[in-house]
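The values are calculated or read from the model by the stated rules, or taken from the named source; none is laboratory data. From a predicted model like this one, the values you see are computed outputs, not experimental measurements. Glycine also receives a Cβ, built like all others from the backbone with ideal geometry; neighbour counts cover every protein chain displayed. In case anyone asks, the SASA skips ligands and DNA or RNA and just uses the protein heavy atoms, side chains included. Shrake-Rupley method; radii C 1.70, N 1.55, O 1.52, S 1.80 Å.
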Amino acid sequence: MYPKCIVIVFVLFTSMISAQVIEPTDPRATEDWSRKPPVITGKPLKWEVPSDAVVLLGNSTDQWTKKDGSPIDWMLEDGVLTVKPGTKDIISKASFGDCHLHLEWRSPVVVKGDGQNRGNSGVFLQSRYEIQILDNFNNETYYNGQASALYKQSPPLFNACSKTGEWNTYDIIFSAPKFDKFGNKLASGRVTVIHNGIVTQNNTEILGTTEYIGFPKSPIHGGAPIILQDHDGLVSFRNIWVRRL
Ligand code: MG
């Protein structure tokens with residue numbers, strides 16, 4: 001028989017191990033295939049730019065920069081800004097907290113690739129929380145990775161994607177997470193997404209940062225820029241504005 005103290009130490013150790021949440025190292029571990037969002041035909045929303053909106057994309061790219069502060073390489077033509085693959089993400093010069101963000105996006109006309117490789121981009125709120133942009137017209141992927149998903153956290157309620165090569169609208173109502181001065185999270189961020197007039201996220205809790213591998217994290221932060229993602233797809237954008245809430 002083992003001495004009693006050794007048995008107690010062993011039991012404590014094993015219970016500590018079992019209580020620990022193991023961080024996944026395989027990206028597939030955080031894919032959600034449990035409920036396929038029904039396909040709904042929506043209609044892109046037409047908005048006049050509200051009088052108090054910050055226009056991030058009209059006829060110039062002067063509200064955008066690369067992460068290193070240098071000018072962006074994406075192409076702007078007639079108010080349409082298209083990703084130049086390989087030139088990296090672009091970020092807004094201004095920072096935002098709670099806001100209503102309107103943006104219009106279009107997947108590439110020429111279908112290339114499938115799943116996550118078809119017209120992938122994304123919009124990151126406060127540089128950390130991605131609302132996925134993807135061509136999901138007749139293109140299946142894990143449901144928390146499709147268009148309108150809070151990426152790897154919440155699948156959209158519906159698949160409201162326009163046909164390949166046609167414009168989509170996102171209206172995103174975002175409440176930023178709140179932290180105390182010690183970095184404790186007092187309130188999660190929340191997001192509502194209206195995709196082509198269809199509510200696809202309904203006041204969804206943001207669990208933390210968007211992670212391709214592993215669980216969301218909750219580092220303390222304040223207002224931060226919006227990021228548009230270069231994910232090698234020729235995704236285009238137009239008419240982007242933000243109202244601070
Ligand atoms: Mg993306």
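Of the numbered criteria (1) touching a Phe, Trp or Tyr at 6+ places or on another chain (Cβ under 9 Å); (2) touching a residue at least 12 places away in the same chain (Cβ under 8 Å), the one ILE172 fails is (1). Confirm whether ASN184 is within 26 Å of PRO24 (Cα to Cα), of a type in the set (S, T, N, Q) and either surrounded by fewer than 22 Cβ atoms within 10 Å (Cβ to Cβ) or touching a helix residue (DSSP H, G or I) at 6+ places or on another chain (Cβ under 6 Å) (or both). Here the answer is yes, as ASN184 does meet what is asked. Taken residue by residue, the range 217-228 has at least one member that is open to solvent by less than 30 Å² (accessible area, probe 1.4 Å) and under 23 Å from PHE137 (Cβ atoms). Of all residues being among the hydrophobic types (A, V, I, L, M, F, W, C) and under 15 Å from LEU57 (Cβ atoms) in the range 100-125, which is nearest to the chain's Cα centre (by Cα)? Just the residue, please. Ranking the candidates gives VAL123 first. Mind telling me which of the residues GLY122, GLY97 ends up being under 17 Å from ILE227 (Cα atoms), touching a strand residue (DSSP E or B) at 6+ places or on another chain (Cβ under 8 Å) and crowded, with 18+ Cβ neighbours inside 10 Å? Exactly one residue qualifies, and that residue is GLY122.
Regarding the range 136-144, can at least one residue be identified that is closer than 20 Å to GLU31 by Cα and within 14 Å of the chain's Cα centre (by Cα)? For the range 136-144, residues closer than 20 Å to GLU31 by Cα and within 14 Å of the chain's Cα centre (by Cα): present.
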